[in-house]
Amino acid sequence: MLNLILFGPPGSGKGTQANKLVEKYSLLHISTGDLFRYNMKNDTPLGIEAKSYIEKGDLVPDSVTINMLKAKVNENPDVAGYIFDGFPRTIAQAEALDNFLKEKGQSVSGLLALDVPDEELIKRLLERGKDSGRKDDQDESIIANRIDVYNKETAPVFDFYKKQNRADKVLGVGTIENIFERLCSMIFWM
Ligand code: AMP
């Protein structure tokens, strides 16, 4: 199985690239952000709980996020592998993912981090906010908080996997096709 973590700050292109990767490698794309938004749209108890955090650009608590992720994986056992997009975002989530996959006799194949300068991220997020309707993409102070949360809480997840030789950075600027090729050439070695 290929279990890939597609990593990077908000606006680094994880969703766009994940959509291309799932096609090429027949994987299941699991985006925790998309799952939260689906629940928010449908006013489920999970969506209502997550909303207050997401609207501020803060992380949803680990226990809620981890349980949601596990449920999604368990609902879809017969796949060639998973692309985790936007998860794990804390060390506790990374440890939970490792243990969860281990119980299934699986492991994380690798983490690829899209590397994009902050100015470019802000530009992309504001642009996306114009037609996505995502409130957290429309307000510069919420965007700044998301990038800050990424640097403080999420970036250490890269080092967690790097120490185990399972993480690499990939330049996340250029055309969508160029970035996709860079990712595929890294996946080749996993
Ligand atoms: P995203 O679509 O990945 O940018 O996620 C949108 C928002 O959902 C984030 O700003 C967080 O509030 C929340 N979220 C998504 N994934 C996670 C996660 N793994 N842990 C905690 N919160 C998350």
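The values are calculated or read from the model by the stated rules, or taken from the named source; none is laboratory data. The structure displayed is predicted, hence computed values, not measured ones. Virtual Cβ from ideal backbone geometry, glycine too; neighbours counted across all protein chains shown. With ligands, DNA and RNA removed, areas are computed over all heavy atoms of the protein, side chains included. Shrake-Rupley method; radii C 1.70, N 1.55, O 1.52, S 1.80 Å.
For the stretch 144-190, the tally of residues that are under 12 Å from GLY110 (Cβ atoms), among the β-branched types (Val, Ile, Thr) and out of contact with any Lys or Arg (no Cβ under 8 Å at 6 or more places or on another chain) stands at 1.
Counting only residues that are in contact with a helix residue (DSSP H, G or I) (Cβ under 7 Å, 6 or more places away or on another chain), open to solvent by 10 Å² or more (accessible area, probe 1.4 Å) and near the ligand (Cβ under 10 Å from one of its atoms), the stretch 32-52 holds 4 of them. Looking across the stretch 73-123, the residues that are basic (Lys, Arg) and over 30 Å from GLY174 (Cα atoms) come down to LYS102, LYS104.
Please specify each residue of the stretch 135-190 satisfying the condition of being touching a strand residue (DSSP E or B) at 6+ places or on another chain (Cβ under 7 Å) and basic (Lys, Arg). Matches in the stretch 135-190: ARG166, LYS169, ARG182. Just one of the numbered conditions (1) open to solvent by 10 Å² or more (accessible area, probe 1.4 Å); (2) within 19 Å of MET1 (Cβ to Cβ) is not true of GLY13: (2).
Would you check which residues across the stretch 53-78 are away from the ligand (no atom under 13 Å from the Cβ), loosely packed, with under 14 Cβ neighbours inside 10 Å and either farther than 26 Å from SER26 by Cα or touching a residue at least 40 places away in the same chain (Cβ under 8 Å) (or both) and list them? ASN76, the sole residue that qualifies. Residue count for the stretch 11-26 satisfying the condition of being within 11 Å of the ligand (Cβ to nearest atom), in contact with a Gly (Cβ under 7 Å, 6 or more places away or on another chain) and not in a helix (DSSP H, G or I): 1. Out of the residues in the stretch 111-165 that are in a loop (DSSP other than H, G, I, E, B) and out of contact with any Ser or Thr (no Cβ under 8 Å at 6 or more places or on another chain), which is nearest to the ligand (Cβ to nearest atom)? Ranking the candidates gives ARG134 first.
Condition test on ILE91, is it under 21 Å from VAL157 (Cβ atoms), within 13 Å of the ligand (Cβ to nearest atom), crowded, with 16+ Cβ neighbours inside 10 Å and of a type in the set (Val, Ile, Thr)? Taking the combined requirement at face value, the residue does not satisfy it. Set side by side, the residues ILE122, ILE143 differ, and just one is in contact with a helix residue (DSSP H, G or I) (Cβ under 8 Å, 6 or more places away or on another chain) and open to solvent by less than 30 Å² (accessible area, probe 1.4 Å), which is ILE143. Of all residues in the stretch 100-110, those satisfying the criterion of being outside any loop (DSSP other than H, G, I, E, B) and either within 16 Å of the ligand (Cβ to nearest atom) or under 25 Å from THR44 (Cα atoms) (or both) are PHE100, LEU101.
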